[in-house]
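To start, the structure under review is shown below, and the notes come after it.
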Amino acid sequence: MMQIADQKKLGTWLISFLLAVLVWFIIVNNKEYTVNMEIPIIVYEPREDKILKKEIPKTAIVRFKGKGRAFLASKLFKEPALILDVANIQEEYHISLNEYYKKYPNRVDYSQDEMEFIEVIYPDTFTIYIDDKISRTLPIQLNYSAKPAQGYLFAGDPIVSPDYVTLSGPKSLLQSITGVNTELLNLGNIDKEMVVNVKLINPYPELISLSQNIVQVTFKVESIGERTFTQIPVQVINAPDNITVNIIPSHVSLTIIGSNNYIQSLSSDSIQVIFNYSEQWIPAKIYYQPEVKVPKKVISWKNLKPSRVEVAIVRK
């Protein structure tokens, strides 16, 4: 019985408390207040070929007068805003916000039921700069830190897709930009193909828009292998017309190191073994190590056999 009585007592107390809060809420919301509010400045520019050249303040502190419930509604449902019409500005205009909105009170966007705009407190004045709006398509500059894991190599440079982005904004800013950087992409050691997304860095996010903010980057890696080529002819270059140069043996073999896929696509014609008469010939010298030239994508070569060849000169 005591427990039931205590519950009834608690229920009565809660009802009384809620009624008291409700009465206080009604009284407070019916009272009139003067409130300073920080609200956004929204720029209205109907001309497609014009745009802000420099940033302006994003918000302003504005004084309103009204009933409590009006301020509560403005916080919950519709925040007031200042509409700044720059359609008639050609290059620059020094504006006093308080004078401007007293002249154009309809550009203060707020619920006028039980609220009244009084004045703009801050900022007082600033200059609006207008420029021609243009678009430029510029290359994307990938910023990354990555390397192939041991036993692997990159199969070419990373592929950025798309590799260009279109910027729209003020002419004075866009003319000085040569490319758009990505955020740093840190991948460490890579042992398989990777496809990742990376954000672009907008150099002036308040004034310039990008056709896209994210690009896709593909890193391709291949395992490193070896392949031995035999019967590679030793070529003679820069020899005088009055002599014949005989190379013994006339063919050699060697091993190249590189991407498995790439080196398997090569033929012996891709490798040059050269004796350069004008640079290498020394009278009375018989044995020479020929020069080896391999494609740029080959990492290295080894095991030239024989490592030296005999050079016999026969005069015609």
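What the table shows:
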quantity	calculated
Residue ID - farthest from V165 (Cα to Cα), chosen from residues in segment 199-242 that are of a type in the set (S, T, Y) and not in a strand (DSSP E or B)	Y204
Where a residue in segment 288-307 is on the phi > 0 side of the Ramachandran plot and its partner, wherever it lies, is modelled with pLDDT of 95 or more and polar (S, T, N, Q), with Cβ under 8 Å and at least six apart	N303/T228; N303/S253; N303/T255
Pair list, Cβ < 8 Å and 6+ apart or interchain, from segment 52-76 residues that are free of Cβ contacts under 8 Å to residues at least 24 places away in the same chain and in a strand (DSSP E or B) to residues that are buried (at least 19 other Cβ atoms within 10 Å of the Cβ) and of a type in the set (V, I, T)	T59/I39
Answer residue from segment 96-118, given it is in contact with a helix residue (DSSP H, G or I) (Cβ under 8 Å, 6 or more places away or on another chain), assigned to a loop (DSSP other than H, G, I, E, B) and of a type outside the set (F, W, Y) and is farthest from I83 (Cα to Cα) among those	E114
Flag if Y129 is of a type in the set (S, T, Y) and outside any helix (DSSP H, G or I)	yes
N261 vs. criteria within 23 Å of S223 (Cβ to Cβ) and loosely packed, with under 15 Cβ neighbours inside 10 Å	yes
Scan of segment 214-237 for residues that are without any contact (Cβ under 8 Å) to a residue 60 or more places away in the chain and surrounded by 13 or more Cβ atoms within 10 Å (Cβ to Cβ), ordered by number	G225, E226, R227, F229, I232, P233, Q235, V236, I237
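The values are calculated or read from the model by the stated rules, or taken from the named source; none is laboratory data. Just so you know, these numbers come straight off a predicted model, no measurement behind them. Cβ: placed from backbone, ideal geometry, glycine included. Neighbour counts: every protein chain shown.
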